[in-house]
Amino acid sequence: MALWVCCRGNRRALHMLSRSLGYSSGSLSELNEPNGHSHALVSRSVIGAFFQEPPLLTNPFTQDALLRAYLQRHLPVQEVEGDLLRFGERIVTEIDSLGRQCELNPPRLQQYDAWGRRVDRIITCDAWTRLKHISAQEGLVASGYERTYGEWSRVYQMSKIYLFAPSSGLYTCPLAMTDGAAKVIESLGLPVTDVFVRLTSRDEQEFWTSGQWMTERRGGSDVSTGTETVARRQQDGCFKLYGFKWFTSATDADVTLTLGRITDVHGRTTPGSRGLSLFLAQVWDSHGSSNGVEVQRLKDKLGTRQLPTAELLLDGMKAQLVSEEGRGVASIANMLTITRIYNTVCAVGAMRRMTQLCREYSCKRSVFGKLLKDHPLHIQTLSRLEVETRAAFLLMMEVCRLLGREENQTCTEKDTHLLRLLTTVAKLYTGKQALCVVSEGLEAFGGQGYIEDTGHPSMLRDAQVLSIWEGTTNVLSLDVLRSIEKSSGSVLQAFFTDVKERLLAAGSSSALRPAVSSLQTSLSGLMRFIQSAATQPSGCLELAARDLSYSLARIYMGALLVDHAVWENAKHTDVYAALRWCEQDLCPVVSRDSTGCYDQHAVAMDTELVYDASLNDSGVFD
Ligand code: MFK
């Protein structure tokens, strides 16, 4: 409007406008430019002359000192560096805007055609399809199975996923499940070569994605009680599945792995985990018609809106049994290992993206007379985010390294135990870290961090899912106990041995002494706690499971930071990061235990506190 007024040089309208803005005619004249052309000035006084330069995404590979150093140390292959450099550029110039388009054009469900026929078509945007093609071209799943770099192949593949994730519009979700399905097929030696070839293809026309349907109405954690889907054997040896899947992500997947209970001749099923078997099914045929699946509705989620997530009625879905009967959970666990590792990679990718954007912005945003980068308090905050991100990165890479060793048959028994334990620990801890780092990072943009079309709020929404799907923090903490119990403590033995070895190697560094000493104290405390907990009733350890898992994560991350800092090409900042990390309480399970918070009395008090408003004087619910 101001421009319209100015263009016509309409003095009267100009005066009216200035009055409505609260300027007197005197103040208006004060706004005149020296050349006397007031119209340009008024337009500026209305719009304002200052526009903040936004944070810019630049090549995430070149911007990542730790990733580059890690690869230089462990996988110094020029071809790898060249590929990541090129891929980083592609993320900036092409992929990032595709991811954003997926956020802005979420999937929708067309249930009926114009003539009333049920069609259940999940309509995704072109950018989503393009991301599928790019995933194939870049070998984002394939490179994990081609094994070009031997035991380092997973490190190479996950470096790409890590760079890709924050720009991918959540395409990492179908990739996680696709990789997980390929892993199940390979590790069980299933005779479905055609499916495996498609899941691991670099050809965009041939490439298929897979789903992972585990959650039913009764819930997604207690899968063995909650699964009601039944599988009826057909004369040709195949099965038909009947049931309701409550939460199926990337439902546009070509195939899926899912659990069901095989019925006997009387139609009866076996309850619990022993009754569950694993099935592979094609979801859509080449014409887009479904295989006995009705899409009831798409989920309206807090975040991950780019990703189609649906409720599905299975009404005679044809499927192939791929596990031994009754070994469904143990068989799909191979997939869970992979999807939990992807979850970790996405969490660390989100943290790294946020720290890069904050850093870039701090060099161009000026407040209180100087750039943000010159405010020590601001830099202290960013430095703390950097320490979290580095610790998480090293744990993520260690898990990927162990996975690569396992798949190349180069892993020791200790590696196998560590992989089992750390997959769970890394997922549960980095999921929480990502949420904190992304939330704190948004604050570094001030009010702009809260504005939708900056694209930043979706980062927070999407981070929230990381601690929920693929096992919540508490469910995974119980999985840590499961891994200890199943291995008769061997996973912990491997943990202690490995941390001690790393600390021993760092023993000669005087700069790192405070960190090493703090880690040694925490490790001894943890060992004493575990020895004592072993003599207590099992409920005690269950109550400590979350704090125990956090302690394992913090100590292991500390050991990895120290290990990285003693590398011959490490920088003084690597030493600093290790020292800062080890200043925190590395072993909360010991500090909390000393307060009595795992005692039975504490359980009773926790209950009273939580239900303060609903318990009567006799401790009974009103
Ligand atoms: C960006 C990346 C993100 C990708 C997103 C994909 C979106 C997909 C959306 C979803 O599908 S969300 C659903 C995710 N659901 C879960 O993660 C399930 C969470 N619940 C658990 O993990 C429970 O602990 C579990 C279902 C495993 C409990 O089942 P059971 O049957 O009560 O467990 P049980 O009886 O202890 O174990 C059965 C077998 O599985 C045992 O083997 P054995 O029979 O040989 O003894 C266990 O050792 C084995 N097992 C269980 N968890 C394992 C495992 N093996 C290896 N690793 C594990 N983590």
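Quick notes
- Using the Cβ-Cβ distance between LEU313 and ASP453 with R0 = 41 Å, the FRET efficiency computed as 1/(1 + (r/R0)^6) comes to roughly 0.65.
- Whole-number percent relative contact order across region 220-362, with pairs defined as alpha carbons under 8 Å at least 6 apart: 27
- Take the Cβ atoms of PHE244 and LEU188, set R0 to 22 Å, and the FRET efficiency comes out at 0.25.
- Translational diffusion coefficient (Stokes-Einstein; Kirkwood radius from C-alpha pairs) of region 141-211 at 20 °C, 1.002 mPa s, in µm²/s: 171
- Applying a DSSP loop filter and a limit of 14 other Cβ atoms within 10 Å to the chymotrypsin sites (Phe, Trp or Tyr not before Pro) in region 50-157 leaves PHE50, PHE51, TRP115.
- Carbon/sulfur fraction of accessible area - region 234-358, other protein chains in place, 1.4 Å, %: 46
- Length-normalised contact order for the chain - Cα pairs under 8 Å, 6+ apart - percent: 10
- Carbon-plus-sulfur accessible fraction, region 102-161 (probe radius 1.4 Å, protein heavy atoms only): 48%.
- Between region 214-277 and region 508-548, the alpha-carbon center distance in angstrom: 40
- Sorted largest first, extent of region 255-297 alpha carbons per principal axis (Å): 36, 22, 19
- For the set LYS318, LYS427, solvent exposure ranked by accessible area (probe 1.4 Å, protein chains only) runs largest to smallest as LYS318, LYS427.
- Here the translational diffusion coefficient of region 200-326 follows from Stokes-Einstein with Rh set to the Kirkwood radius across Cα pairs; for 20 °C and 1.002 mPa s it amounts to 142 µm²/s.
- Over the C-alpha trace of the chain, radius of gyration and Dmax come out as 27.9, 95 angstrom.
- Over 18 Å [Cα-Cα, region 301-402], rounded percent: 69
- Per residue solvent-accessible surface (Å²) - the chain, probe of 1.4 Å: 46
- Derived scalar couplings ³J(HN,Hα) [region 495-511; Karplus, 6.51 cos²θ - 1.76 cosθ + 1.60; whole Hz; x for Gly, Pro]: 4, 5, 4, 5, 5, 4, 4, 5, 6, 4, 5, 9, x, 7, 7, 6, 4
- Annotation: amide H of GLY211 within the under-5 Å range of VAL255, THR256, LEU257, sequence separation 5 or more or interchain, hydrogens built in the peptide plane.
- The slack between SER286 and GLN380, meaning 0.36 nm per residue of separation minus the straight C-alpha distance, is 28.4 nm.
- Label-point separation, PHE50 to SER510 (7 Å along Cα→Cβ), nm: 4.9
- Only lysines eight or more places from LYS240 in sequence, or on another chain, were considered; those with a Cα closer than 28 Å are LYS183, LYS299, LYS318.
- Charge tally for GLU146 (other residues, Cβ to Cβ under 12 Å; Lys, Arg +1; Asp, Glu -1): +2.
- Efficiency of FRET between ASP300 and SER524 - r from beta-carbon atoms, R0 56 angstrom, step 0.05: 0.65
- Computed helical MRE - 222 nm, the chain, DSSP H runs ≥ 4 contributing -39500 (n - 2.57), nearest 500: -17000 deg cm²/dmol
- Carbon/sulfur fraction of accessible area - region 449-522, other protein chains in place, 1.4 Å, %: 56
- Computed over neighbours whose Cβ is under 12 Å from that of SER487, the net charge equals +2, Lys and Arg +1, Asp and Glu -1.
- Dipole-positive endmost among MET335, LEU357, PHE393 within region 298-419 (Cβ charges, Cα centre): LEU357
- Extension gain for GLN137 to LEU104 (0.36 nm times residue separation, less C-alpha to C-alpha distance): 9.4 nm.
The values are calculated or read from the model by the stated rules, or taken from the named source; none is laboratory data. For clarity, every value in this text was computed on a predicted model and none was experimentally measured. Every residue, glycine as well, gets a Cβ built from its backbone with ideal geometry; the counts of neighbours run over all protein chains shown. All accessible areas refer to the heavy atoms of the entire protein, side chains included, with ligands and DNA or RNA removed. Shrake-Rupley method; radii C 1.70, N 1.55, O 1.52, S 1.80 Å.
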